[in-house]
Amino acid sequence: MLTQATPEQNETFEVLRNLFLRAGARFMLVGGAACREHGLPRPAKDLDIVLDPYPVAMTALKTSRRFSERLGDADWTGRTSTYFDARTGVNIDFITAGIRINDGPATRSSVKDPLAIPYPVEVVAPPEILIGMKLSAVITGEALLNLGIHRGRSRQEIDQDLNDVCGLISACSLGRDISADHDVVRHRYQELWDKIRGPCIQSTTNPS
């Protein structure tokens, strides 16, 4: 059970947990809701869940008859999706473990994420995994904006990711070193860690 979620989000998450466990699919909560579980006072309107294997989890989801896919949010690559819980009204974003959301020409841009989406290791992603995901998205998002491509994360969303990283550093008393399979991600983390002694980036994004 999630400790910081709304009753509706908790109900949805428990239903999904049972579905995926019965199907033999691994899952992990990431995104804003996971940050909130680690002590960040962060609103989160939806749930973000990493799945492995994705097709097995999707089959279980579709046969449940409780969840409907939001077709307007469908990913043309078939590796992510957004579903709607008809009972609670909660939206859930599902992500395939092991992929790169931005993967160069395969995803219609010249930019490739530094890190792949991690495989599930716990029901709620630990802080270092959340930080790696957020900084990878920040680095890619900034690169796309610098190229004049606006299909990725907005400046506001990037600022929110940076604030989340700063919040996790403080809330979880993290050290200056982080385990990440990319030098740029480690360097960006250390820069933010050094900034914690002063004001962090101010986010202007709406909660999501």
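Considering only the range 125-138, state which residues are of a type in the set (A, V, I, L, M) and crowded, with 21+ Cβ neighbours inside 10 Å.
Within the range 125-138, the subset of a type in the set (A, V, I, L, M) is 125, 129-131, 133, 135, 137-138.
If the condition is that a residue be of a type in the set (A, V, I, L, M) and crowded, with 21+ Cβ neighbours inside 10 Å, then Ala125, Ile129, Leu130, Ile131, Met133, Leu135, Val138 are the ones that fit.
For the range 142-161, give me the residue count where each residue is part of a helix (DSSP H, G or I) and surrounded by fewer than 22 Cβ atoms within 10 Å (Cβ to Cβ). Let's see the steps before the verdict.
Start the filter on the range 142-161 by keeping residues that are part of a helix (DSSP H, G or I), which leaves 142-146, 155-161.
Remaining after also requiring surrounded by fewer than 22 Cβ atoms within 10 Å (Cβ to Cβ): 142-146, 155-157, 159.
Adding up the residues that qualify gives 9.
Please identify the pairs in which a residue from the range 166-190 that is under 11 Å from Gly132 (Cα atoms) and among the charged types (D, E, K, R) has its Cβ atom under 8 Å from the Cβ atom of a residue that is assigned to a loop (DSSP other than H, G, I, E, B) and at pLDDT below 95, counting only partners at least 6 apart or on another chain.
As it stands, the answer is Arg186/Asp177; Arg186/Ile178; Arg186/Ala180, since those pairs meet every condition given.
Quickly run through the range 70-82 and pick out the residues that are of a type outside the set (Val, Ile, Thr) and modelled with pLDDT of 90 or more.
Step one: list which residues in the range 70-82 are of a type outside the set (Val, Ile, Thr), which gives 70-76, 78-79, 81.
The answer is Arg79, Ser81.
Would the range 97-108 turn up any residue that is polar (S, T, N, Q), modelled with pLDDT of 95 or more, surrounded by 13 or more Cβ atoms within 10 Å (Cβ to Cβ) and closer than 29 Å to Asp181 by Cα?
So far as the range 97-108 goes, no, none of its residues is polar (S, T, N, Q), modelled with pLDDT of 95 or more, surrounded by 13 or more Cβ atoms within 10 Å (Cβ to Cβ) and closer than 29 Å to Asp181 by Cα.
Within the range 85-106, track down each residue that is under 17 Å from the mean Cα position of the chain (by Cα) and in a strand (DSSP E or B). Break it down stepwise before answering.
The initial filter retains those residues of the range 85-106 that are under 17 Å from the mean Cα position of the chain (by Cα), namely 90-103.
Selection gives Asn91, Ile92, Asp93, Phe94, Ile95, Thr96, Asp103.
Do we have Ile178 as within 16 Å of Arg36 (Cα to Cα), crowded, with 19+ Cβ neighbours inside 10 Å and either modelled with pLDDT of 90 or more or touching a Gly at 6+ places or on another chain (Cβ under 9 Å) (or both) here? Before the answer, list the steps.
Details: within 16 Å of Arg36 (Cα to Cα): no; crowded, with 19+ Cβ neighbours inside 10 Å: yes; either modelled with pLDDT of 90 or more or touching a Gly at 6+ places or on another chain (Cβ under 9 Å) (or both): yes.
Here the answer is no, as Ile178 does not meet what is asked.
The values are calculated or read from the model by the stated rules, or taken from the named source; none is laboratory data. The model shown is predicted, which means the values in this text are computed figures rather than measured ones. Reconstructed Cβ throughout: ideal geometry from the backbone, glycine too, with neighbour counts over all protein chains shown.
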